[in-house]
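*Asks:* Before I ask anything, let me first share the structure, which is written out below as structure tokens.
The values are calculated or read from the model by the stated rules, or taken from the named source; none is laboratory data. Small disclaimer: the values here were computed from a predicted structure and weren't measured. No Cβ is skipped: glycine too gets one built from the backbone with ideal geometry, and neighbour counts run over all protein chains shown.
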Amino acid sequence: MIEPVIPLLYLAAAASFVLALKWLSSVTSARRGVIIGVLGMALAVCGTLLKPEIVSYRWIAVAFVLGTVIGIPMAMMPMTAVPQRTALSHAFGALAAALVGTAEYYLQTPHIDHFTMSALALEVLLGFLTFTASLMAFGKLQDILPTRPITYRNQNVVNLALFGLAVAAGVYLAVRPETAWLFPIFAALALVFGVLLIIPIGGADMPTVISLLNSYAGLAAAAMGFVLNNKLLIIAGALDGSSGLILSVIMCRAMNRSFTNILFGAFGQVQPAVGAGAEEKTARSASAEDAADILRAANLVIVVPGYGMAVAQAQHKVRELYDILTKARVEVKFAIHPVAGRMPGHMNVLLAEADIPYDKLMEMEMVNSEFPQADVALVIGANDVTNPAARHDRNSPIYGMPILDVDKARTIMVIKRSMNPGFAGIENELYYMDRTLMVFGDAKAVVGSIVKELAGGSMH
Amino acid sequence: MSQDLELSLYVFVLATFLGLEVIRRVSPLLHTPLMSLTNAISAIAVVGSILVAGEQKTVLSTVLGTLAVTCSMINIVGGYLITYRMLRMFRKSGKERS
């Protein structure tokens with residue numbers, strides 16, 4: 001019969017997933033990677049549907065249709081919504097793992113061995129906590145919940161105690177799987193811990209948190225593989241887990257912070273106004289017309305986009321600026337800080353959506369040496385990643401964080417809504433430098449009027 | 001330790017190392033598509049979900065399984081599609097989008 005073929009299908013699926021990720025290493029082969037990934041998934045699904053244990057396809061078919069109907073609109077969201085979409089899909093992935101774990105528990109007890117139960121407990125713990133944590137992250141990214149960190153006294157003690165309880169319940173279940181009354185409590189503890197974990201995390205830490213949740217969702221799938229003794233699940237889960245881990249480490253390094261600091265540090269909560277003599281400093285403000293004049297005379301302009309550009313949906317206006325400057329033989333490059341935006345790579349996707357060629361998007365290490373030759377560094381909606389205090393001010397909360405050396409450009413132009421410091425209330429000394437011009441206003445409106453000035457000027 | 005378990009642990013550890021090596025090479029340019037692609041791949045939980053939903057052993061397990069298949073399917077369809085959409089947007093200067 002067909003059954004002996006199924007393991008081979010699974011093996012081919014596992015190989016496809018590895019190839020998919022390998023081909024993602026460069027833009028030219030990346031799309032091929034997605035296609036082989038789809039192929040791998042199709043093989044895995046077909047292989048599973050062929051299994052003789054399946055007695056009815058009715059509910060599977062219903063779920064396939066339902067999932068497709070919900071999945072397609074989720075893929076059509078605008079690129080600005082990608083961070084919240086990603087958080088939501090982490091929630092779905094984790095929930096699937098947790099639900100399967102729950103079903104398996106009630107199917108298999110009391111005939112479940114200790115090891116399988118340990119893996120099952122891990123699957124359910126990670127699944128449920130990632131589910132609520134991802135929903136919370138989604139709420140914060142979608143602005144349904146307040147984005148600023150919410151802290152209260154003894155928060156870390158409460159969180160750790162709750163986590164300890166959940167782990168203890170899991171261990172107890174692994175030792176005595178027949179304790180069925182404990183299972184719902186265990187699941188509830190995991191759900192609540194997921195919520196509490198995200199409450200103290202602010203918007204700017206989202207890139208790390210979303211990567212971490214990515215990793216957890218993968219590990220939950222891998223744990224499911226141990227429960228079902230399925231190597232394909234273990235491999236795919238491990239790949240996802242390691243991807244999330246790498247991204248989290250990159251994000252942490254880019255902020256010069258540790259995991260524990262991000263999860264338990266509630267960044268930006270208790271920062272007293274650093275630099276009390278702030279009122280004495282003055283910033284120079286400029287109009288869109290001034291900005292256009294300076295840009296027209298430049299040879300090299302480096303644009304530094306940040307979350308503010310995404311919020312204002314300014315990427316298409318930025319593209320117009322790019323076009324008009326490029327046409328006037330001004331070289332334009334984009335400097336992308338690893339944690340700019342709300343998830344890893346957020347800015348790249350937005351700018352690619354606006355049809356800016358990707359070879360103009362430069363990573364921090366590559367572009368920093370070019371700032372001294374730049375005539376203009378144009379900061380659009382980025383703040384902390386440009387603050388020179390990170391290099392020299394030991395008292396600054398962001399001291400040691402790698403930054404874009406915007407201050408080394410000949411002229412620095414900052415498009416910003418007001419002088420209000422960004423998240424964490426850290427004063428940015430860049431704004432008070434002699435060579436810095438502040439252009440106040442909504443990023444989209446300001447870039448739009450600069451473009452209009454440039455277009456008008458070139459016609460005369 | 002049973003042989004099955006030992007083998008599973010080997011697979012897990014080696015797949016993790018392989019994942020770390022392969023993913024380390026992904027350019028930061030593509031970190032967002034990377035995350036949506038790995039998200040779609042981890043929807044492999046669909047395998048376990050289909051089994052639970054299709055075995056129809058108890059009402060509870062069938063309901064939970066059907067929900068799980070739905071969740072996984074959302075991620076499979078949504079994850080691959082949006083990754084493909086994103087990758088189509090990247091173009092080099094002087095070239096049209098393909």
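*Asks:* Counting only residues that are within 8 Å of chain B (Cβ to nearest Cβ) and under 23 Å from residue A:190 (Cβ atoms), how many does segment A:71-102 have?
*Replies:* 11
*Asks:* Restricting to segment A:291-336, name every residue that is buried (at least 24 other Cβ atoms within 10 Å of the Cβ) and part of a loop (DSSP other than H, G, I, E, B).
*Replies:* Selection gives A:306, A:314.
*Asks:* Also: I need the full set of residues from segment A:42-66 which are without any contact (Cβ under 8 Å) to a residue 60 or more places away in the chain and small (Gly, Ala, Ser), in order please.
*Replies:* A:42, A:47, A:56, A:61, A:63
*Asks:* Now for a separate question. Yes or no: segment B:4-12 includes at least one residue that is surrounded by fewer than 22 Cβ atoms within 10 Å (Cβ to Cβ) and under 30 Å from residue A:342 (Cβ atoms).
*Replies:* Within segment B:4-12, not a single residue is surrounded by fewer than 22 Cβ atoms within 10 Å (Cβ to Cβ) and under 30 Å from residue A:342 (Cβ atoms).
*Asks:* Being more than 7 Å from chain B (Cβ to nearest Cβ) and among the aliphatic types (A, V, I, L, M) is the filter; apply it to segment A:346-366 and report the residue that is surrounded by the fewest Cβ atoms within 10 Å (Cβ to Cβ).
*Replies:* Selected residue: A:366.
*Asks:* For a quick check of your reading: which helices (runs of 4 or more DSSP H) sit entirely within segment B:10-98 and have at least 3 residues that are within 23 Å of residue A:241 (Cα to Cα) and hydroxyl-bearing (Ser, Thr, Tyr)?
*Replies:* Details: elements: B:31-41, B:46-55, B:59-89.
Fully inside segment B:10-98 and qualifying: B:31-41, B:59-89.
*Asks:* Search segment A:42-63 for residues being buried (at least 21 other Cβ atoms within 10 Å of the Cβ) and either within 24 Å of the chain's Cα centre (by Cα) or among the small types (Gly, Ala, Ser) (or both), and hand back the single one that is farthest from the other protein chains (Cβ to nearest Cβ).
*Replies:* The selected residue is A:47.
*Asks:* Continuing with the same structure: Quick one: which residue in A:215, A:134 is without any contact (Cβ under 8 Å) to a residue 60 or more places away in the chain, buried (at least 22 other Cβ atoms within 10 Å of the Cβ), out of contact with any strand residue (DSSP E or B) (no Cβ under 9 Å at 6 or more places or on another chain) and polar (S, T, N, Q)?
*Replies:* Numbers: A:134 fails: without any contact (Cβ under 8 Å) to a residue 60 or more places away in the chain.
Exactly one residue qualifies, and that residue is A:215.
*Asks:* Select from segment B:31-53 the residues that are free of Cβ contacts under 8 Å to residues at least 40 places away in the same chain and over 29 Å from residue A:7 (Cβ atoms) and write down the one among them that is nearest to the other protein chains (Cβ to nearest Cβ). If you could, list the steps in order and put the result at the bottom.
*Replies:* Residues of segment B:31-53 that are free of Cβ contacts under 8 Å to residues at least 40 places away in the same chain, as a first pass: B:31, B:34-35, B:38, B:41-53.
From what is left, the residues that are over 29 Å from residue A:7 (Cβ atoms) are B:31, B:35.
Numbers: B:31: 3, B:35: 6 Å.
It comes out as B:31.
*Asks:* Hey, can you tell me all the residues within segment A:417-460 that are at pLDDT below 90, in contact with a strand residue (DSSP E or B) (Cβ under 8 Å, 6 or more places away or on another chain) and within 26 Å of residue A:320 (Cβ to Cβ)?
*Replies:* Across segment A:417-460, the qualifying residues are A:417, A:418.
*Asks:* Just to be sure I understand the filter: pairs with C-beta atoms under 9 Å, separated by 6 or more residues or on different chains, first member in segment A:28-41 and more than 15 Å from residue B:90 (Cα to Cα), second member of a type in the set (S, T, N, Q) and buried (at least 20 other Cβ atoms within 10 Å of the Cβ). Which pairs pass?
*Replies:* A:36/A:16; A:37/A:16; A:37/B:83; A:38/A:16; A:39/A:16; A:40/A:16; A:41/A:16
*Asks:* Here's a follow-up. Just to be sure, is residue A:95 assigned to a helix (DSSP H, G or I) and crowded, with 23+ Cβ neighbours inside 10 Å?
*Replies:* Here the answer is yes, as residue A:95 does meet what is asked.
*Asks:* Also, I was wondering about something else. Return a yes/no flag: does segment B:63-70 have any residue that is modelled with pLDDT of 95 or more and more than 7 Å from chain A (Cβ to nearest Cβ). Let's see the steps before the verdict.
*Replies:* Applying the first criterion (modelled with pLDDT of 95 or more) to segment B:63-70 yields B:63-70.
From what is left, the residues that are more than 7 Å from chain A (Cβ to nearest Cβ) are B:63.
Yes - at least one qualifying residue is present in segment B:63-70.
*Asks:* Quickly run through segment A:118-152 and pick out the residues that are among the hydroxyl-bearing types (Ser, Thr, Tyr) and in a helix (DSSP H, G or I). Before the answer, list the steps.
*Replies:* Here is the first cut: in segment A:118-152, the residues among the hydroxyl-bearing types (Ser, Thr, Tyr) are A:118, A:130, A:132, A:134, A:147, A:151-152.
Passing the criteria: A:118, A:130, A:132, A:134.
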